[in-house]
Amino acid sequence: MEVIESIVTDAIEVEDLTTTVTTLESEKSKAEFVWTIQATWHLVHVRLDMDPEFDQPVCKKKKLWETVAERVTAKLRADESTDVSVKAFECDLKWRNMLATYRKNAERAKRLGTSSVHWEFFKEMHEVLGRSYEEVEAQRKAKLNGTKLGKAIASKRFTPILPTPTATASQLPNARPPQDLLQLYLELQERKLNMWAQQKALEERKIEAINNLARAITCLSQNNSMQIPKECVASGTPSTQQ
């Protein structure tokens, strides 16, 4: 009897464990949405159909992505008849990744031609997203016509920013004509010559004063040498000749 009870207990524990694992797997599958090829195609079709709404100058992207998620979920449930659902942020993130892939393939198509691109979603997306910038701008202007925002932009007057012209000599304050500048230059040169002449005259006077002083000293020394013998005779000192 003890053996039978233990077997029953083990079976119940295993069954509980299996139920727990199944519940966790179902919750995990609900938490993480797996993008299949079919789900991705539904996203592409829904998002491209709503592209004009996303291109509106003023729109709430969060609300639009919620609408995209609802439509994709409805298509998936109609196809698979299962309780599967996709969230708005998942659609937004998936579309951003697809846009990055599309831009890389678009650059490749420009260089090598569309035949070099083998991405299955490129043709469908390129028919809508491959329009030129001029077409997009023309459509946006057409949408803005008649709206408050369009009228506000049209009523604005834009003043072009021109480069600041360089001021000429005649426009500068206290500017002198070329003739005055030449006269001023000549006056400065004449002043320099006068100063040099005055300095030269001063140096010549110094030299003359030094020469006069030297002559005076020479004369004085000669006079002193001539007065010495006279003093000796007056004192009665015999001369060497006697």
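Going by what's in this entry, would Val3 be described as among the β-branched types (Val, Ile, Thr), at pLDDT 50 or above and open to solvent by 70 Å² or more (accessible area, probe 1.4 Å)?
No, not satisfied.
Which residues, taken from region 35-48, are part of a helix (DSSP H, G or I) and either farther than 19 Å from Ala100 by Cα or not basic (Lys, Arg) (or both)?
Across region 35-48, the qualifying residues are Ile37, Gln38, Ala39, Thr40, Trp41, His42, Leu43, Val44, His45, Val46, Leu48.
Just the residues that are more than 20 Å from Phe121 (Cα to Cα) and open to solvent by 80 Å² or more (accessible area, probe 1.4 Å), please, taken from region 81-107.
Ser81, Asp83, Lys87, Phe89
Could you grab me the full set of residues in region 110-144 that are assigned to a helix (DSSP H, G or I), modelled with pLDDT of 90 or more and open to solvent by less than 40 Å² (accessible area, probe 1.4 Å)?
Listed by number, the residues that qualify are Ser116, Phe122, Met125.
I need the full set of residues from region 49-104 which are closer than 26 Å to Lys143 by Cα, of a type outside the set (A, V, I, L, M), in contact (Cβ under 8 Å) with a residue 12 or more places away in the chain and in a loop (DSSP other than H, G, I, E, B), in order please.
Within region 49-104, Asp55, Gln56, Pro57 qualify.
Taking region 67-80 on its own, how many of its residues are under 17 Å from Trp35 (Cβ atoms) and either loosely packed, with under 13 Cβ neighbours inside 10 Å or hydrophobic (A, V, I, L, M, F, W, C) (or both)?
Number satisfying all stated conditions: 7.
The values are calculated or read from the model by the stated rules, or taken from the named source; none is laboratory data. Note that the structure is predicted; figures quoted are calculated from it, not measured. Every residue, glycine among them, receives a Cβ derived from its backbone with ideal geometry; neighbour counts consider all protein chains shown. Calculation scope for accessible area: heavy atoms of the full protein, side chains included, ligands and nucleic acids excluded. Shrake-Rupley method; radii C 1.70, N 1.55, O 1.52, S 1.80 Å.
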